[in-house]
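The values are calculated or read from the model by the stated rules, or taken from the named source; none is laboratory data. Because the structure is predicted, anything quoted here is derived from the model rather than measured. Using ideal geometry, Cβ is built from the backbone for each residue, glycine included, and neighbour counts are taken over all protein chains shown. The protein model used for the area step is the full one, side chains on, heavy atoms only, and it has no ligands, DNA or RNA in it. Shrake-Rupley method; radii C 1.70, N 1.55, O 1.52, S 1.80 Å.
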Amino acid sequence: MGDDRRPCRCESEEDSLLIRSARQLELGDLAWLEVQAGQLFHSVGMSEIADHDVDQQALRRSQRQGLIWVAEEGDRTVGYVMAAVLDGNAHIEQVSVAPTHARRGVGRRLISHVERWGRRNGRPATTLTTFRDVPWNGPYYRRLGYRELSNAEIGRDLTAAIRHEAELPGMDSSLRCAMIKANREHLDPD
């Protein structure tokens, strides 16, 4: 999978955001951050999604594999991203940003970090699943260059992830979609 445990200063030197690998001792804080970030779903009538239980086992497993990175500002964790490899692609499993840091580019930087990690590890694309029409989900990812996958394009691993999500309380799979963004190094020349 490649080791990406080196901290990464993002954007300019003036930027105080640091992205680094998550530590096992902070997984409880990341779960709490996910709960806080998820409260926004109340505003679009998705209270069951807002009040979901965090998958602590997935956090532990992903952290052991080196697949969770945190965004740190000063000594405060303000976001995190959890990744996997599905169907040979980098896959974003979860992105959470503290409400106090929403709309400041933290999520975009975490997503970019996974995309770079994927390129360095020979992954042809980055995928994710999301709510198609929730403003900070599908429309946001489209602005970042992701496109919705047709059913015929969805691989076996991603299909399994979608099925798992459909079993979660409050999850209406008809509102969800899978998206992809090709890594530049793997694009065919015109």
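Relative contact order of the range 48-190: 22 percent, from C-alpha pairs under 8 Å at least 6 residues apart in sequence. Based on the alpha-carbon gyration tensor of the chain and its eigenvalue square roots a ≥ b ≥ c, which shape applies: rounded if a/c is under 1.5, prolate if not and a/b is larger than b/c, or oblate? It comes out rounded by the Cα gyration axes. For HIS164, HIS42, the ranking by accessible surface with the largest value first comes to HIS164, HIS42, using a 1.4 Å probe. Note on ASN121 and LEU144: with the Förster distance fixed at 22 Å, the Cβ-Cβ geometry gives a FRET efficiency of about 0.65. Using the 1.4 Å probe convention, the accessible area of the chain works out to 56 Å² per residue with neighbouring protein chains retained. Take 86-93, 50-57, 71-78 and order them by the average number of nearby Cβ atoms within 10 Å per residue, most first; the result is 86-93, 71-78, 50-57. Among the GluC sites (Glu not before Pro) within the range 98-167, those in coil by DSSP and having at most 14 neighbouring Cβ atoms inside 10 Å are GLU167. Roughly speaking, what is the centre-to-centre gap between the range 76-96 and the range 24-40 when only Cα atoms are used, to the nearest Å? One Cα centre to the other: 14 Å. Label positions at ASP29 and ASP133, each projected 7 Å from the Cα along the C-beta direction, are separated by 3.9 nm. The calculated FRET efficiency for LEU168 paired with ASP75, based on their beta-carbon distance and R0 = 35 Å, is about 0.55.
Counting Lys +1, Arg +1, Asp -1, Glu -1, what net charge surrounds ASN89 among other residues with beta carbon under 10 Å of its beta carbon? Around ASN89, the surrounding residues sum to 0.
For the chain, adding -39500 (n - 2.57) for each run of n ≥ 4 DSSP H residues and dividing by the number of residues yields -8500 deg cm²/dmol at 222 nm.
If you add up the charges near ARG163, with Lys and Arg at +1 and Asp and Glu at -1, over every other residue whose beta carbon is less than 13 angstrom from its beta carbon, what do you get? Don't jump to the answer; show the numbers that get you there.
On the way: positive: ARG156, ARG176; negative: ASP157, GLU165, GLU167.
Taking every Cβ under 13 Å from that of ARG163, the sum is -1.
The simple spin-label model puts a point 7 Å past each Cα toward its Cβ; for GLU153 and GLN56 those points are separated by 3.9 nm. Scanning residues 5 or more positions from LEU86 or on other chains, those with amide H under 5 Å from its amide H are HIS91, with H placed 1.01 Å from N in the peptide plane. Surface composition of the chain: carbon plus sulfur atoms hold 48% of the accessible area, using a 1.4 angstrom probe and ignoring ligands, DNA and RNA.
Within the listed set GLY45, GLY107, GLY118, the Gaussian network model of the chain (springs between alpha-carbon atoms below 10 Å) gives the highest mean-square fluctuation for GLY45.
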